[in-house]
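> I have a structure here, written as structure tokens, and I will follow up with some questions on it.
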Ligand SMILES: *Cc1c(COP(=O)(O)O)cnc(C)c1O
């Protein structure tokens with residue numbers, strides 16, 4: 001087995017059956033994605049539109065592409081025709097734009113609300129309160145070409161495991177709150193996307209359903 005296949009097998013062996021693996025292939029070439037594909041991996045995460053547009057046409061059609069990075073509204077149209085899930089909804093406007101583009105081509109796109117759970121200032125996402133306010137507004141109910149499927153978050157980059165764990169738990173708690181208040185009848189609202197190479201075991205303990213793992217599969221990224 002090559003390294004990519006070995007790494008995927010190792011990670012899979014540790015994932016509970018309710019947790020899906022998103023292989024984050026950003027900055028890695030199509031050939032490496034192919035190796036992961038040949039090892040049975042089907043969900044891949046990319047964070048840049050241009051890079052995704054170059055890779056998609058040279059790779060198999062049954063790949064489920066998940067967009068996980070900050071998405072500018074003017075680039076929405078380019079990925080809506082083929083992405084299966086967008087993890088990084090960080091403004092009401094972005095969700096509206098995705099809805100508009102999807103409606104136009106008769107697709108429905110699965111989306112996750114990105115919540116800012118880290119201490120760092122720079123990360124994108126709704127605060128808990130901003131997200132509550134948006135859900136309270138009800139504006140999302142008119143967007144019939146997007147399906148809200150859950151939440152996504154990134155923990156602070158720190159060695160403090162307790163800190164990371166408590167951030168993940170805060171996201172799980174928030175998921176439970178909005179599930180109860182707005183999505184209790186909605187079976188599609190069930191995803192908590194959290195956990196990366198260095199913290200995914202903690203994320204799983206805290207209730208993750210989608211882990212986004214890059215460097216532990218493909219090696220360090222070259223910037
Ligand atoms: C790059 C990235 C990941 C994967 O990070 P690794 O540490 O390489 O596993 C996960 N989520 C998002 C949003 C990313 O940008």
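The values are calculated or read from the model by the stated rules, or taken from the named source; none is laboratory data. Remember, it's a predicted structure, so these values are computed and weren't measured experimentally. Glycine gets a Cβ as well: all are built from the backbone with ideal geometry, and neighbour counts include every protein chain shown.
> Could you identify the single residue in 20, 48 that is surrounded by 13 or more Cβ atoms within 10 Å (Cβ to Cβ) and free of Cβ contacts under 8 Å to residues at least 24 places away in the same chain?
Within the list 20, 48, the selection yields 48.
> Those residues that are in contact with a helix residue (DSSP H, G or I) (Cβ under 8 Å, 6 or more places away or on another chain) and more than 30 Å from residue 103 (Cβ to Cβ), I need them from segment 120-169; list them, please.
Within segment 120-169, 155, 156, 158, 161, 164, 165, 168 qualify.
> Mind checking whether some residue in segment 53-61 is closer than 25 Å to residue 115 by Cβ, over 12 Å from the mean Cα position of the chain (by Cα), at pLDDT 95 or above and assigned to a helix (DSSP H, G or I)?
No: zero hits.
> So which pairs qualify, if the first residue must be in segment 51-76 and under 20 Å from residue 213 (Cβ atoms), the second must be in a loop (DSSP other than H, G, I, E, B) and at pLDDT below 95, the Cβ gap must be under 6 Å, and the two must be at least 6 apart or on different chains?
70/124
> So which residues in segment 202-223 are surrounded by 15 or more Cβ atoms within 10 Å (Cβ to Cβ) and touching a helix residue (DSSP H, G or I) at 6+ places or on another chain (Cβ under 9 Å)?
Of everything in segment 202-223, those that are surrounded by 15 or more Cβ atoms within 10 Å (Cβ to Cβ) and touching a helix residue (DSSP H, G or I) at 6+ places or on another chain (Cβ under 9 Å) turn out to be 202, 203, 204, 206, 207, 208, 211, 212, 213, 216, 217, 218.
> Give, as residue ranges, the helices (runs of 4 or more DSSP H) completely inside segment 112-223 that count at least 2 residues that are over 26 Å from residue 82 (Cα atoms), more than 13 Å from the ligand (Cβ to nearest atom) and modelled with pLDDT of 95 or more.
128-137, 161-182, 200-205
> How many residues does segment 15-48 contain that are more than 13 Å from the ligand (Cβ to nearest atom), out of contact with any strand residue (DSSP E or B) (no Cβ under 8 Å at 6 or more places or on another chain) and within 23 Å of residue 112 (Cβ to Cβ)?
Summing the residues that are more than 13 Å from the ligand (Cβ to nearest atom), out of contact with any strand residue (DSSP E or B) (no Cβ under 8 Å at 6 or more places or on another chain) and within 23 Å of residue 112 (Cβ to Cβ) in segment 15-48 gives 3.
> Here is a follow-up. Would you mind stating whether residue 106 is under 23 Å from residue 24 (Cα atoms) and more than 17 Å from the chain's Cα centre (by Cα)?
Spelling it out, it is not the case that residue 106 is under 23 Å from residue 24 (Cα atoms) and more than 17 Å from the chain's Cα centre (by Cα).
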